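Only one structure is covered here, and it is reproduced in the block below.
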Amino acid sequence: MRPFEYVSPTTKAQAVSLLGASWGGTEILAGGTDLLALMKDDIVSPKRLVNIKNIRDLRGISSSPQGLRMGALTTLADLADDAGIKKNYPALAEAAIEAASPQIRNMATLAGNLCQRPRCWYFRNGFGLLPKDETGNELVADGDNRYHAILGNEGPAKFVSPSTIVPVLIAYEAKIRLEGPKGKRELPLEKFFVIPKSENEREHDLGPNEIVTEVVVPPVPNAKIAHYEIRQKDVFDWPLAVAAVALKMQGSNVESARIVMGYVAPVPWMSPEAEQALTAQPLDQETAQKAAEAAVKDAKPLSHNEYKVQLARVAVKRAILKAASGGAA
Amino acid sequence: MDDDDPNLKHPSDKQDNSGVSRRDFLKISGISVAVPLVAGPQAVMAAGQQVPVYGPGKVPMEFTINGKVHKASLEPRVTLLDALRDQFELTGAKRVCDRAECGSCTVLVENKPVYACSVLAIEAQHKAITTVESLMQAGKLHPLQQAFVENDASQCGFCTPGFVVACKSLLDKHPHPTPEDIRRGLSGNLCRCGTYAGIRQAMAQLSQKGA
Amino acid sequence: MPDYAWPDQEHRTLIGKRITRVDSPVKVSGQAKYTYDVHRPGMLYGKVLRCPYAHAKVVSIDTSAAERMPGVKAVEIVQKPNANIHWAGDDVVAVAAVDEPTAEDAIRAIQVEYQKLPHLVSDAEPPQGATQEEGPLSMNDIDDLLDNQVPNRQIVEKIQQYGVTEKPTEDKLKSFKSSGANDAVLNALREATVHPEAASRPKSNYEKAAAQTVGDPDKAMAEAEVVSEGLYGVPVITHCCLESHGTISEWPDADHLLTHISTQNVSGIPGQMAEPLAIPASNIHVHQDHVGGGFGSKFSPDRWGIFTAQISKKAQGKPVRIMLERDAELEVAGARPSAYARVKVGAKRDGTLVAWQSESWGTGGPGGGGMPPIPYVFTIPHQRKEHTAIRNNIGPARAWRAPNHPQAAVLTMCALDDLAAKLNMDPVEFFGKNLDITKPRQDIYREELGIAANLMGWNEKWHPRAQNRSGNITRGVGLSLHTWGGRGHNSDCDLTLHPDGSVDLKLGSQDLGTGTRTCILIVAADTLGVPMDAIQLEIGDTTYPPSGGSGGSTTIGGVSSSTRRAAVDARDLLFAKVAPTLDAQPDQLECVNGRVGVKGDSHRSLSWKEACAKLGAMPITVRGTNPDRTKPPDLTNSGVGGVQMAEVEVDTDTGIVKVEKMVAVQDCGLVIDLKTAESQCYGALIMGISYSLFEEKVMDPTTGRMLNANLEFYRLAGFNDIPELVVHMMTGKGYDERGVIGLGEPPVVSPGAAISNAVANAIGVRVPFLPLTPDRVLAALGQKAGA
Ligand SMILES: Cc1cc2nc3c(=O)[nH]c(=O)nc-3n(C[C@H](O)[C@H](O)[C@H](O)COP(=O)(O)OP(=O)(O)OC[C@H]3O[C@@H](n4cnc5c(N)ncnc54)[C@H](O)[C@@H]3O)c2cc1C
Ligand code: SF4
Ligand code: FES
Ligand code: FES
């Protein structure tokens, strides 16, 4: 790690003003489970670290008829243990408890989870987010891309969006709230993730001096919601594919659906094609299969990750069937 | 630790040593805040208030580890794990991956298991830190440790302290853990020698007895 | 001649029982001090600048900025300008500073310019015609071999076999010597035949490393009634010791070195450091209490051990700690060579094996590597084998727990299993039928096969390939056989009886977590008839009598045999002193339960303490030494057999394999401690599951760098990936009387083959290469569907 100075503001406004106006100089420190590793590997080298854990306003989980509010500092362990979440948003609690390990869940925050950087092994080895060697060769396409994107990978970004919590949050129609020098804003969570086109962009719609303050989820819709992950190791392993689905029903038919895939693209990948395939259909094996096919119809695997198309397909199908049979609870 | 070294007596030297002076720092980072002014623990103005700034040089720190107070002067970039091991010679927690991937450095902070390699020492101040060294009381092994011994749950033993702390916190939370509790509770620790079979037996023995 | 023979079953009080590991308490309480934990007064922290390129030449190095930094105490250039680097992560410059952050800053301040050279990191099948016969060595080749740390013995063999392209000058010889060539290499070079015409030969990365024919393979294959052909392989994996390699070195005075090192080879370290440091080996004091894993990768002080000592010297002899970071540990500190083969095997319709043919290849890094011992265990009468060694830039290979055997097991047992499937035979029957060609262990295997089948429930679980499909979940079983040598090494020990009854025992050995301490104490206590905790055991120091390195599963034989000898000799000396008091002849005495007395006469005895008081004022020390290795061993033996079976469940939609159960039936002669012996087998099964399903050193073709040098993508099996494990040790008649044979490695040989065979049984098609990851399993299933 390079040397840095450390500040620990107690208000959001302080934090915002302690952050630099361009990337590189400062970073926000939350749980540190990702950031410290990035700093040790010299992937990011802030001159100042802004610890936000002493900002009270960023804490807490509250449920109300308006929905659920989770402060940025809510840990994954809190998400997994909170009685209200377990009851009303069980697929979220399940995704949280399946993530990482108990030690990480105790430290990792929700905002940190949304803002964590990709696990792409070229990025983590110092070749950049859009990895190139010194002579400008694109490394992923010709390299070992077994864990890379199969969708949304036409540009130079080939990593996959790393959070396993985000797809299910998007299925729940979560919104993210941010605060920066220009004030507050709120975005549908899916809009927070962007595919960078050049090395000086990041994969989030986040300013260098903006903070994620909270995530809000609307009241539980009358929908069947489920989350499914495919990991080779039983636990504590990065998934190969994730799917989260929310199915609004009308009688025994699907009225509308939200299908979100993780680990397939540089952003959490919503599949209107799959949603279309489910709409007005009965919820059975056959529709689930059709929706799963539709979800990966446009997949363009790289040289070593054709198998991920199959895994994404299976994840979507199983998530739909899991939702159909009652979801996480 | 390097008190014998006159070069390092002055924090100002140390700041140079880390290669960033405050002026450089502000130049590079383009931060638009008022420049600090106090000697000693410096401060910056942020949103109309003074916020103390620590480092990049050494900062005096104070920790409560296994109920005892420990002090050291450390740069903010030093992790809790390195402070425990190199400053206080509490070497039960091991440095293996240094990246939150293996569990060998597991300690309790405020009674929750965390990876000490991924916590900055500066943040762990004034929190209750518990390391494996505290489990043995008056020369007697904790029942959990005894179960590890009886079931031969360590080989080379390098991962063992991390596992012991992880098991301890699992049993504190679930005195009679189900297989699912164990599956989740022990997912964050790795062993290369392959002691999982012994650990499983130790846990089975304890979950029957309750520890 | 004293009677050293192991006591028979009725007379053993501890040997062969289930005894709790003696060093567990210090391990579970965090008190055990490993090298990484050693904190010496005034200790400096070292860091290493590593080359980012897989193949490069150092052009220039500028360390001036680092040297000027406050807190930096010494800088050591490890590879000077013009040095050739053959793998990414190789050490170039080391620094020592007052703390770790300062050392890191110093490393970043060093400027190195490299000239990049073309690299190869792939170990894919050699392109047609690329394989080159080995030939005479140029002086550059010798440089490369030395750079790549190829053992001197192998270099000598190559020089003697192929000669050289030019006669080395004395200067050249000197430079070889300073790069690590020993006298044997220099002599071989002086005497080598010179083939100047070979100097113009182009150099290939692919070298023919073996070509052997046994019997008449063509005829036998032509006459075989059933022939099976297949592709099999295992990738390069790493040792991944949780305690990384490294040392803490200091100079108490100008010509004495004290080194704490993480090693499998305490007594063997000084001899390897003496020459590069230009001090006598006797001036080097090595100490280690505990080691956090070795698995074959920790026999040498390594270049970093040498430069740590050198940099300490530069820093006025202050202690310097250099332990490898995890990425370096995985990149440079040891890897198991890969092995792949196209295999054709033929049998008669009744299953009798007749012919084997294989074209194999693999890499052990820049040094190339040899052919694994195939066909493994089964001496098939007619064979043709060719092996290509790929020399590439992935970093050096090291012995990995049972070197070459796990690879040989996969290449052989998977090919045989495919043949059994083609014959429509149950593998237990098929392997059983061919046991005659596993001589001399056919009877052991036969017995083990039966026991394993029972413990697995094989008869209920086995089915012809892929015939138990229900939906996407399918199950299968598979098996494999293995063997290993394991005769005891040299291991001297000093056992001292004190007049106050205390006993101490000292030897230079090390306990890798295999239970060495426990077993030494069991043998000594059983022999002296005192409790284990009455004996003070000290190991891990070069001031104690020298012990062999813990490799080749030779430690248990080595230490148990010399301990037995020393204890018997000490006991006999004690008997001689005590006999007059008890009014008996020394050979009428025994010591049991803490008493020394006349056999069969419980009234004539002394407590241990009283007996030792008869020694007089002076303690007696006896040295236990094992018989010369050229003579047949008496207390130890060599050659074990084991059988393993695996049951798996495969999700054919996702390609995810879960191991559901494993059975290991293992012989290792006389077992000293059943508990730690079983733990070795459990551990080996777990490590085996890990390499079968998850492990692989992944190299990037473009940059030549290891992509997964961390514990996130270099994936080790976790607690939850481990199913029910059943271990059965073969003991009792037919086994015990063979003497002690090592156990560290044999049980890690078979899991890859057994699990791969179980997957083939489950899904009806072979997944050619380990690890059995979803991509590979789905690809194999896809081919089957397509076919
Ligand atoms: C071995 C391992 C396994 C893992 N497995 C999983 C898994 O299965 N599923 C999963 O989802 N994740 C997994 N993770 C990732 C883990 O969940 C994240 O590291 C964690 O959630 C990050 O949160 P943090 O609070 O520790 O963030 P930090 O490490 O503190 O920060 C991460 C990033 O977010 C930024 N940031 C943090 N808070 C804010 C904020 N409020 N506003 C703006 N930016 C902010 C930081 O500047 C930094 O760039 C794993 C991590 C590891 C090391
Ligand atoms: S006993 Fe061996 S050759 Fe064997 S793994 Fe250990 S060190 Fe290696
Ligand atoms: S050393 Fe902290 S998790 Fe591995
Ligand atoms: S006992 Fe050696 S790593 Fe677990």
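Couple of notes before you dig in:
- Note on the stretch B:110-121: among residues that are in contact (Cβ under 8 Å) with a residue 24 or more places away in the chain and away from chain C (no Cβ under 13 Å), the one that is farthest from ligand 2 (Cβ to nearest atom) is B:N111.
- The stretch A:73-99 - residue that is out of contact with any helix residue (DSSP H, G or I) (no Cβ under 7 Å at 6 or more places or on another chain) and not charged (D, E, K, R) and, of those, farthest from ligand 3 (Cβ to nearest atom): A:N88
For every residue, the table says whether it meets (1) of a type in the set (D, E); (2) within 17 Å of C:P366 (Cβ to Cβ).
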{"site": "C:D90", "(1), (2)": "yes, yes"}
{"site": "C:A96", "(1), (2)": "no, no"}
{"site": "C:E104", "(1), (2)": "yes, no"}
{"site": "C:A109", "(1), (2)": "no, no"}
{"site": "C:L117", "(1), (2)": "no, yes"}
{"site": "C:L120", "(1), (2)": "no, yes"}
{"site": "C:Q128", "(1), (2)": "no, no"}
{"site": "C:L137", "(1), (2)": "no, yes"}
{"site": "C:D143", "(1), (2)": "yes, yes"}
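- Residue match in the stretch C:417-425 (condition: within 16 Å of ligand 2 (Cβ to nearest atom), open to solvent by 10 Å² or more (accessible area, probe 1.4 Å) and within 23 Å of C:S756 (Cβ to Cβ)): no
- For the stretch A:218-238, the tally of residues that are surrounded by fewer than 22 Cβ atoms within 10 Å (Cβ to Cβ) and either out of contact with any helix residue (DSSP H, G or I) (no Cβ under 6 Å at 6 or more places or on another chain) or in contact (Cβ under 8 Å) with a residue 40 or more places away in the chain (or both) stands at 11.
- Checking the stated criteria, A:S101 turns out not to satisfy the condition of being more than 8 Å from ligand 1 (Cβ to nearest atom) and either more than 18 Å from A:E186 (Cα to Cα) or open to solvent by 20 Å² or more (accessible area, probe 1.4 Å) (or both).
- Scanning the stretch C:7-49 for residues that are of a type outside the set (D, E, K, R) and open to solvent by less than 40 Å² (accessible area, probe 1.4 Å) yields a total of 21.
- Looking at C:L725, C:L743, C:L716, just one residue is within 16 Å of ligand 3 (Cβ to nearest atom) and either in the same structural domain as C:C519 (by TED's automatic domain parsing) or under 23 Å from B:A202 (Cβ atoms) (or both), and that residue is C:L716.
- Subset of the stretch C:596-610 that is crowded, with 17+ Cβ neighbours inside 10 Å and in contact (Cβ under 8 Å) with a residue 40 or more places away in the chain - its residue that is nearest to C:D494 (Cα to Cα): C:W608
- Residue check, A:A299 part of a helix (DSSP H, G or I), within 21 Å of the chain's Cα centre (by Cα) and touching a residue at least 24 places away in the same chain (Cβ under 8 Å): no
- In this entry, C:V22 is excluded by the filter for residues that are at the interface with chain B (Cβ under 8 Å from one of its Cβ atoms) and out of contact with any strand residue (DSSP E or B) (no Cβ under 6 Å at 6 or more places or on another chain).
- Entry remark, the stretch C:147-159: residues being part of a helix (DSSP H, G or I) and touching a helix residue (DSSP H, G or I) at 6+ places or on another chain (Cβ under 6 Å) number 4 in total.
- Matching residues, the stretch B:169-190, being without any contact (Cβ under 8 Å) to a residue 60 or more places away in the chain and away from ligand 1 (no atom under 16 Å from the Cβ): B:L170, B:L171, B:K173, B:H174, B:P175, B:H176, B:P177, B:T178, B:P179, B:E180, B:D181, B:I182
- Restricting attention to the stretch B:190-211, the residues being more than 7 Å from every other protein chain (Cβ to nearest Cβ) and not in a helix (DSSP H, G or I) number 3.
- Residue in the stretch B:89-103 that is more than 7 Å from chain C (Cβ to nearest Cβ), away from ligand 3 (no atom under 11 Å from the Cβ), farther than 30 Å from A:I28 by Cα and not in a strand (DSSP E or B) present: no
- Selection within the stretch A:124-158 - within 16 Å of ligand 1 (Cβ to nearest atom) and touching a Phe, Trp or Tyr at 6+ places or on another chain (Cβ under 6 Å): A:L129
- In the stretch B:166-184, the qualifying residues are those that are in contact with a strand residue (DSSP E or B) (Cβ under 9 Å, 6 or more places away or on another chain) and within 9 Å of another protein chain (Cβ to nearest Cβ), and the one that is farthest from ligand 2 (Cβ to nearest atom) is B:S169.
- Test for B:R85: is it surrounded by fewer than 24 Cβ atoms within 10 Å (Cβ to Cβ), within 14 Å of the chain's Cα centre (by Cα), at pLDDT 95 or above and in a helix (DSSP H, G or I): yes
- From the options A:D42, A:D57, residue that is open to solvent by 30 Å² or more (accessible area, probe 1.4 Å), in a helix (DSSP H, G or I) and more than 7 Å from every other protein chain (Cβ to nearest Cβ): A:D57
- Test result for B:V44, modelled with pLDDT of 90 or more and closer than 30 Å to B:G162 by Cα: no
- The selection criterion, being at the interface with another protein chain (Cβ under 7 Å from one of its Cβ atoms), open to solvent by 30 Å² or more (accessible area, probe 1.4 Å) and not β-branched (V, I, T), holds for A:A13.
- Check on B:Q137, more than 18 Å from A:K233 (Cβ to Cβ), more than 16 Å from ligand 1 (Cβ to nearest atom), under 19 Å from the mean Cα position of the chain (by Cα) and open to solvent by 10 Å² or more (accessible area, probe 1.4 Å): no
- The combined condition, being closer than 27 Å to C:V428 by Cα, crowded, with 22+ Cβ neighbours inside 10 Å and either more than 8 Å from every other protein chain (Cβ to nearest Cβ) or among the polar types (S, T, N, Q) (or both), is fulfilled by C:V659.
- Filter result for A:Y263 (more than 14 Å from chain B (Cβ to nearest Cβ), among the hydroxyl-bearing types (S, T, Y), touching a helix residue (DSSP H, G or I) at 6+ places or on another chain (Cβ under 9 Å) and at positive phi): yes
The values are calculated or read from the model by the stated rules, or taken from the named source; none is laboratory data. No experiment lies behind these values; they were computed from the predicted model shown. Using ideal geometry, Cβ is built from the backbone for each residue, glycine included, and neighbour counts are taken over all protein chains shown. For accessibility, only protein heavy atoms count, side chains too; no ligands or nucleic acids. Shrake-Rupley method; radii C 1.70, N 1.55, O 1.52, S 1.80 Å.
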